[in-house]
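First up is the structure itself, then whatever we jot down about it.
The values are calculated or read from the model by the stated rules, or taken from the named source; none is laboratory data. Computed from a predicted model, the values in this text were never measured in an experiment. Cβ atoms come from the backbone with ideal geometry, glycine included; neighbour counts cover every protein chain shown. With ligands, DNA and RNA removed, areas are computed over all heavy atoms of the protein, side chains included. Shrake-Rupley method; radii C 1.70, N 1.55, O 1.52, S 1.80 Å.
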Amino acid sequence: MSKTIKKIGVLTSGGDSPGMNAAIRAVVRTCAYHHIECIGIYRGYQGMIEGDFKEMGPRSVNNIVNKGGTILKSARSKEFMTPEGRKKAHQNLITAGIDGLVVIGGDGSFTGAEVFNSEYGFPVMGIPGTIDNDIYGTSFTLGYDTALNTVIEVIDKIRDTASSHNRLFFVEVMGRDAGHIALNAGIGAGAEEILIPEENLGLERLLDSLKKSKASGKSSSIVVIAEGDKIGKNVFELKDYVEANLPEYDVRVSVLGHMQRGGSPSCFDRVLASRLGVKAVESLLEGKSNYMVGLSGDKINLTPLEHAIKNHTEIDRELLRVSEIMST
Ligand code: F6P
C-alpha cells in the first residue's frame, strides 16, 4: 500500500439505506487497521461545506453494524452544486488535513464526487448506498436486500387481510424510477401483477389479467406497483379505474413509503458493506481514485465513477418471464 493518503473523510449522502452504518464502520476500522486517521463528515456534502467533522476511531463505530440509518446523517446539498460551495468544502478538507474521501450514496452523490474530483483532483471513492439498486456497476447496492425483505414481510401481512375480505390490493413500493424492488419483492411475495416503469403493462392488459385471476378462482389479489411506474395513473387513480371497470373487485391501496428505507440491515447487506468499505479505503491507499466499489458475481470490483453515473441497470428479462409464469 502506498500511504500518501494519511487521513480519510467518510460521508453519507442522498436517501439513506440499511447498511450505511455497516459501511461507515468498515471504512473507520480499515483506516485504523492501516494506522491512518478517519474523519466522519456529518450531513453529507452540506456538512463538508460547514466543516461539520468528527474524528472517528475504531471504538466510535461500536454496535452500529446492525443499525439502520446513518450515524453521520445524510442530506441533499444544493450549495454543493455551486462552485462556491465546493470551494468552501475543499478548503475545509485541506484545513482538516483530509486527503482522501469515501462517499456512501447513490448516483446523485457520485455525480457530486466526480465534479469535486475534476475541480480539485481530490481522491474519491464511491460506495453504492441506496435501496433502489439502480446503480450501474454493482449487482447489489447497500440496503436493497434489506428493503426487499421488508417489503415481502409487509405484503405477506397485507395478503392475510386481502384473503380474509376477498380484496384486491394495490401496493406501491419505492424505487424512484427503477422497478427492481417492485419486480423482485413482487415475485417473492407472490403478487398477481407487478407494474414497473421499465415495462408498461398498459391499463387494458391489467384489466384482462385481473379478469383472468378472478376467472381462475383467485378470491384476492395483490398488485405491486413501483412508484415510478408509467401506466399513467397513480395508485389511487388505479383503484378507482379498476372499481369502475371491474365492479366485482373490492379494492384497497397501501403505499409502503419510507419504512422501506429503515430497519436493521440483513446479513447480506452487513457483509457487503464490510467488504465494500475495506475495498474503498485500500483502493485509496493504493493511489486509486474516481471509482465505485461494487459486487460482480461474488467478487468485489471497481467501476469508474463516470460509468456508474452515466449507465443504468437493466431489468432482468428472465425475471420478468418468471413473474409472468408465477402469476398463472
Ligand atoms: O433513492 C432512494 C429513495 O428512497 C427512492 O426510492 C425514493 O423515491 C426517494 O429516495 C425518496 O426521497 P426522499 O427521502 O427525499 O423523500
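Summary of values
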read-out: Amide H contacts under 5 Å for L195, placed H, 5+ residues apart; value: V224, I225, A226
read-out: Residue-span extension gain [L207 to V271] - 0.36 nm each, minus C-alpha spacing; value: 18.8 nm
read-out: Gained length - H258 relative to N311, 0.36 nm times residue gap less alpha-carbon distance; value: 16.5 nm
read-out: Within the stretch 267-328, GluC sites (Glu not before Pro) in DSSP loop having at most 16 other beta-carbon neighbours inside 10 Å; value: E286, E314
read-out: Greater than 18 Å apart at Cα, pairs in K6/K54; K7/K54; K212/K233; value: K212/K233
read-out: Length-normalised contact order for the chain - Cα pairs under 8 Å, 6+ apart - percent; value: 24
read-out: Antiparallel bridge percentage (DSSP; both residues within the stretch 145-261; nearest 5); value: 5
read-out: The stretch 145-261 - accessible surface per residue (Å², probe 1.4 Å); value: 43
read-out: Sites N200 and E282 - FRET efficiency at Förster radius 41 Å, r taken between beta-carbons, to 0.05; value: 0.40
read-out: Helix-derived mean residue ellipticity, 222 nm - over the chain, DSSP H n ≥ 4, -39500 (n - 2.57), to 500; value: -13000 deg cm²/dmol
read-out: Gained length - K233 relative to E50, 0.36 nm times residue gap less alpha-carbon distance; value: 61.7 nm
read-out: Of all accessible heavy-atom area on the chain, the percent that carbon and sulfur account for (1.4 Å); value: 51
read-out: In Hz, Karplus ³J(HN,Hα) per residue of the stretch 302-319 (6.51, -1.76, 1.60; θ = phi - 60°; x = Gly, Pro); value: 10, 10, x, 3, 4, 5, 4, 7, 7, 8, 9, 8, 7, 7, 6, 4, 5, 5
read-out: Acute angle (nearest 10 degrees) that the helix 20-33 long axis makes with the longest principal axis of the chain, alpha-carbon atoms; value: 30
read-out: 0 to 90° range, to nearest 10: angle between helix 83-96 axis and the chain longest Cα axis; value: 50
